[in-house]
1. Work out the count of Lys pairs in the stretch B:81-317 where the Cα-Cα distance is under 17 Å, with the pair 8 or more places apart or on different chains.
2. Please report how far the C-alpha centroid of the stretch A:101-128 lies from that of the stretch C:169-204, rounded to the nearest whole angstrom.
3. Would you mind putting A:134-140, A:158-164, B:340-346 in packing order, based on average other-beta-carbon counts within 10 Å, highest first?
4. What stretch of chain C, leaving out the sites themselves, is the longest with no trypsin sites (Lys or Arg not before Pro) in a DSSP loop having at most 11 other Cβ atoms within 10 Å?
5. May I ask for log10 I(q)/I(0) of the stretch B:138-183 at q = 0.33 Å⁻¹, from a Debye sum over the Cα atoms as equal point scatterers with solvent left out?
6. Find which of C:Ser48, C:Val123, C:Asn58 sits farthest along the positive direction of the dipole of the stretch C:41-163, computed with +1 on the beta-carbon of Lys and Arg, -1 on that of Asp and Glu, about the Cα centre.
7. For peptide B:259-269, how many partner chain Cβ atoms fall within 10 Å of a residue's Cβ, on average?
8. Student exercise: in the stretch C:65-221, how many lysine pairs 8 or more apart or on different chains have Cα atoms under 12 Å apart?
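Please treat every number below as a calculation from the coordinates, not as lab data. No experiment lies behind these values; they were computed from the predicted model shown. Here Cβ is always computed from backbone atoms with ideal geometry, including for glycine, and neighbour counts include all displayed protein chains.
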Amino acid sequence: MKSLIERVSTKYNLQEVVQQRDNLVFAYVDKELAIDMVTYMRDYEGYAHFTLMSCVDWIEDGKFQLLYLLNNPETKTEFGIKVAIDRDNAVMQSAHHLWEQIWTYQRELKEAFGIDFPGSPRVDEDFVVEGWDDMPHMRRDFDTNKYAEETYFMREGRKSYDPATYMREKLYPKQPVTAKKNKDEQ
Amino acid sequence: MSNKFFQPDRSKYPSMKDDGTLDVDLSSQKYTKIWLGPNHPGVTGNMAVEMTLGGDEIVQAKTHVGYLHRGFEKLIERRLFVQGFPTSIRMCVAEPDTNEYLIARSTEELSGLTDRVPEMAEWLRTLALEMARLQGLLRGVPGQAGTYSLGIGVQWGVYLRDLILDRFEELTGARVYHMYIIPGGVRGLLPSGFKRRMEDNLTDIDDFIVRIRKLIFHNSVFKSRAVGSAVIPKEWIDKFGIVGTNARASGVKRDVRKDNPYLKYSELDFDPPTATDGDVYSRTWVRWQELVQTVDLIRQIMAKMPEKGDIRGDMPNALHWKIPKGETYVKLESGRGEYGMYYVTDGSSKPRRVNLRGPSYTHAIAVLEKMLINTNIADVHATMVSLQTCPPEIER
Amino acid sequence: MNELLKKAEANASTKEEKSFVRPEDEEREVIAPDGSIIKVNPIYDYFSGEKPSVEKPNKGVVEKFLNWARAESIWVLGFGTGCGSIEIPPLMTPRFDAFRFGVQMRPTPRQSNAFIISGYLSVKTLKRVIRSYEQMPSPKYVIALGSCTINGGMYYDSYSTINRLDKYMPVDVYIAGCMPRPEALLAGFVKLKEIIKSGKGEGANLYAENFDEYKANQKKVIKDWNMPDYNW
């Protein structure tokens with residue numbers, strides 16, 4: 001694995017290489033070189049099995065992080081090629097010519113995140129939602145709770161609790177509830 | 001006809017346009033467009049196949065999914081790590097325990113606490129996963145015969161599956177959604193007498209295995225329809241990303257349990273079955289062999305596992321659990337193939353992104369659409385079941 | 001206050017409403033082969049805007065006899081809409097054997113009189129469910145399975161699934177749980193029989209009476225009413 005990383009690093013200028021496990025590596029590569037590198041990994045390094053294409057929305061950096069996860073059936077290792085693309089102008093080169101199932105992923109990402117893949121077959125068709133007129137539903141700034149409250153009918157009497165506050169009140173009922181709130185809770 | 005010796009005249013078939021789509025003029029009355037599903041008792045789960053037919057042969061097929069979309073990946077981003085747990089296991093109903101393991105393992109790995117899972121818990125996890133595989137196969141193997149109207153096998157299989165669900169109920173307290181494998185270990189030890197009752201059920205299943213073999217593989221209708229039908233050539237495996245039993249039936253030995261052993265699979269003695277033809281018959285045959293193997297694996301696990309031991313390691317307080325920034329991809333071999341989860345954390349108390357990779361994602365869309373072309377409309381259902389498509393894991 | 005209202009109105013009018021109506025589905029006039037002009041409105045037909053008629057129940061012993069017959073032959077539409085459908089095969093096999101209650105699965109809505117909504121309903125499925133429900137002959141009954149049909153269950157905050165089924169179609173029996181056991185389903189069938197026999201299973205009439213309200217609710221979530229295209 002180490003020699004592979006060194007070999008590819010010199011070729012493709014990998015950044016932030018993280019070896020998560022013995023058989024799993026994640027690394028960033030430049031957007032322009034990404035599809036080139038995926039092709040290289042498939043044809044010359046034996047990463048012939050395409051496992052997953054995914055996206056993470058790093059809204060605070062204004063970036064989408066695309067992931068191409070490749071698997072080498074010979075060495076039983078996995079290589080995750082990550083690409084950062086601009087959130088406002090989310091366009092990525094299509095890779096549908098490399099594996100037959102990639103257009104499905106690209107179609108899903110187009111719908112869920114609004115990332116465009118020009119030239120990918122059937123990329124504009126609906127994938128899982130039908131008649132959707134809000135922003136792409138997997139983006140971080142889409143508030144699903146608010147959408148559900150506005151669109152669907154909540155049944156009266158249903159309550160939801162913040163688990164930490166609820167347990168504190170249940171276990172220590174005598175202590176006054178302080179205003180201290182978990183920062184991550186909203 | 002789906003016989004490999006019978007090759008119909010294809011010269012009158014529609015030609016391809018430059019953009020790869022078929023040149024089908026629906027107003028010419030030569031072609032019929034019909035939809036199979038979502039309201040169709042023969043469809044696996046709740047999905048639809050849009051088919052254009054010339055006569056009774058399919059010239060174009062499109063899979064439509066999304067009827068079971070619940071937005072899990074979005075919902076989990078709003079929940080604490082432990083809260084996300086009951087939500088995530090409902091991602092796929094066919095083998096819910098696989099989801100439990102994936103999410104437990106991802107959170108353990110990202111917080112660096114994998115060492116804290118006790119050995120006993122690992123054995124119990126292996127047992128739960130194999131039991132889940134067994135109950136899935138008990139539906140799957142006779143279900144394949146059911147697609148050719150051999151309904152009696154389904155009746156046997158569903159009854160025996162119920163017995164396994166009874167054992168699950170004894171072990172975990174629930175029939176279908178168990179919530180047994182949790183971060184740090186499992187929720188309970190084996191109840192007393194569990195092994196004896198399990199052995200009773202396995203004996204029944206042994207009996208069933210012999211009978212189902214006679215019922216399915218010695219049946220001339222099944223043979224004449226399944227042999228040579230819906231073939232996956234060996235070259236397709238990497239091209240389409242085919243995994244699991246579907247790949248093994250085409251002669252490519254892909255099994256995560258062997259390739260990247262997890263839990264206690266390295267200590268168990270098994271060899272994933274393979275076949276060479278890649279048609280419906282070999283896929284069913286591989287699955288039948290897997291059924292035999294799973295019964296054997298459960299016996300091995302019950303014999304090798306220790307009697308007592310810790311079942312839960314120390315884990316952080318679930319209400320204030322924060323996981324440092326990181327990402328991982330964890331996978332296992334489910335009854336349908338490689339089943340994985342891409343898990344990203346950002347240092348807060350909620351996951352940043354969870355992406356499930358189900359084998360049906362490729363099998364039910366890219367492969368199925370390609371495979372249905374030029375098959376008979378009567379074989380569509382059998383093709384879908386033989387690929388073990390499970391729509392909830394496509395759309396989540 | 002008025003200014004604010006005006007501002008909101010102005011904003012609302014500028015907000016673009018995305019239309020999902022395909023050009024071939026728009027309301028238009030077509031010339032028939034004999035030269036007459038016909039108005040067609042495909043979306044109105046897909047949406048089944050025509051109000052169903054209310055069938056008043058018969059009186060006395062006739063209705064009692066009919067209700068007995070209806071209660072003893074509950075034919076369920078085999079449409080697995082959610083994960084609850086995995087408990088249907090055990091129900092239909094010898095261990096639980098729902099056939100002894102007169103329950104049978106049917107492949108098409110035209111033959112069935114009961115609809116099991118087996119769990120969560122995404123909006124995409126809801127559209128198909130409503131269409132199937134409207135195709136079923138009256139009297140028809142709806143059994144809602146699982147917590148997600150009652151109040152959304154664990155998908156209460158999901159953008160894709162509805163929360164309350166009874167806002168979109170009348171529900172006769174709820175079976176709580178996630179997921180409900182086959183025994184609970186059997187108990188639900190027994191309960192449904194009681195309801196039918198006591199003459200309270202008037203779901204289809206309820207739907208016809210409150211048709212506008214149900215349709216308004218359905219229209220609120222289902223924006224794309226286009227139907228799959230057939231060429232025959």
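1. So the count of such lysine pairs works out to 7.
2. If you average the Cα positions of each part, the centres end up 42 Å apart.
3. B:340-346, A:134-140, A:158-164
4. Here the longest segment lacking exposed loop sites spans C:60-199.
5. For the requested q values the scattering log ratios are -1.03.
6. C:Asn58
7. Mean partner-chain Cβ count within 10 Å for B:259-269: 1.
8. Here the count comes out as 8.
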